[in-house]
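Worksheet for the structure shown next.
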Amino acid sequence: MKIALIGYGKMGRAIEEIAVSRGHSIVLTISGDNRADNTAAKLQKADIAIEFTGPDSAFDNIIRCLEAGIPVVSGSTGWLDKLETVRQICRQNDGSFLYASNFSVGVNIFFEVNKRLAALMAPHPDYQVRVTEIHHTEKKDAPSGTAISLAGQILEKIHRKNRWVNHISDNLDELEIISQRVDPAPGTHKIEYSSSIDTIEIIHTAHNRRGFATGAVLAAEFLLDKKGTFQMSDVLGF
């Protein structure tokens with residue numbers, strides 16, 4: 001594949017390393033230093049784009065790719081209030097789009113464990129559930145997209161919780177997401193169910209960015225010859 005990397009920070013460089021090791025080539029890199037090169041004409045030199053930027057630029061980057069007819073994989077977080085608009089534009093352009101809050105194979109297995117545990121815990125109101133996420137201090141958004149995904153999965157199963165909040169709460173209707181920023185920390189997510197009798201925890205800890213980067217390249221390989229909108233569970237066959 002010929003890949004355009006939109007976002008060339010630490011994650012973009014990790015994706016480049018994995019992609020090249022798998023026989024792909026990087027034909028365009030977009031960073032803060034060359035935003036003017038992020039044009040339809042230059043994007044169309046690539047077979048697919050992988051977009052890892054930030055909440056202020058992700059939406060525009062994705063739309064530009066879709067309107068240029070370029071399949072796009074995005075892992076940017078903090079913009080999901082516009083996700084349905086992206087899906088509509090993807091359909092209108094007969095495009096290809098894949099979004100994941102986390103591309104790590106391990107995290108996506110963790111998602112499946114989280115959903116199963118939430119279903120098991122739903123009939124047991126004595127257990128209070130909390131989500132904790134720890135990331136490095138350069139992370140721009142809080143809570144993380146992964147934590148929001150985990151919380152959403154819990155809310156689908158545990159109906160005594162109505163919404164998530166990003167702080168400690170005395171309201172039993174609210175699901176707490178506690179965000180911590182500590183260096184160095186590629187990413188840790190913990191789900192805790194606690195009662196007066198015992199505590200059940202599941203934890204995923206990333207050791208580096210390679211898992212995220214590898215998953216993003218796997219997602220691009222999956223998306224290349226498809227049309228429509230997809231997620232990481234489609235890539236992994238869950």
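No value in this document is a laboratory result; all are computed from the given coordinates. Please read all numbers here as calculations on a predicted model, not as lab measurements. FYI the Cβ positions are ideal-geometry reconstructions off the backbone, even for glycines, and counts take in every protein chain you see.
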- prompt: Given the rule -39500 (n - 2.57) for each run of at least 4 DSSP H residues, summed and divided by the residues of the chain, what is its mean residue ellipticity at 222 nm, to the nearest 500 deg cm²/dmol?
  reply: -10500 deg cm²/dmol
- request: Rank Val129, Val182, Val86 by mean-square fluctuation in a GNM of the chain with C-alpha springs under 10 angstrom and give only the top-ranked residue.
  value: Val182
- prompt: Rounded, prolate or oblate: which fits segment 182-234, taking a ≥ b ≥ c as square roots of the Cα gyration tensor eigenvalues, rounded meaning a/c under 1.5, else prolate when a/b beats b/c?
  reply: oblate
Among Thr77, Thr29, Thr137: highest mean-square fluctuation, GNM of the chain, C-alpha pairs under 10 Å: Thr137
task: Fewest Cβ neighbours within 10 Å first, please rank Thr53, Thr199, Thr132 accordingly.
output: Thr199, Thr132, Thr53
query: Between Lys161, Lys45, Lys82, which gets the highest mean-square fluctuation from a Gaussian network model of the chain, Cα cutoff 10 Å?
result: Lys82
Listed pairs Lys139/Lys227; Lys82/Lys157; Lys140/Lys226; Lys42/Lys226; Lys45/Lys139; Lys140/Lys161 exceeding 29 Å between Cα atoms: Lys139/Lys227; Lys140/Lys226; Lys45/Lys139
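Once you sort the root eigenvalues of the Cα gyration tensor of segment 105-205 as a ≥ b ≥ c, which label holds: rounded (a/c under 1.5), prolate (a/b larger than b/c) or oblate (the other case)?
Values: a/c = 1.79, a/b = 1.47, b/c = 1.22.
Cα axes put segment 105-205 in the prolate bin.
First check a/c for the chain, with a ≥ b ≥ c the square roots of the eigenvalues of its C-alpha gyration tensor; if it is under 1.5, answer rounded, and if not, answer prolate when a/b is larger than b/c or oblate otherwise. Walk me through the numbers before you get to the answer.
Numbers: a/c = 2.10, a/b = 1.90, b/c = 1.11.
It is prolate, given that a/c is not under 1.5 and a/b is the larger ratio.
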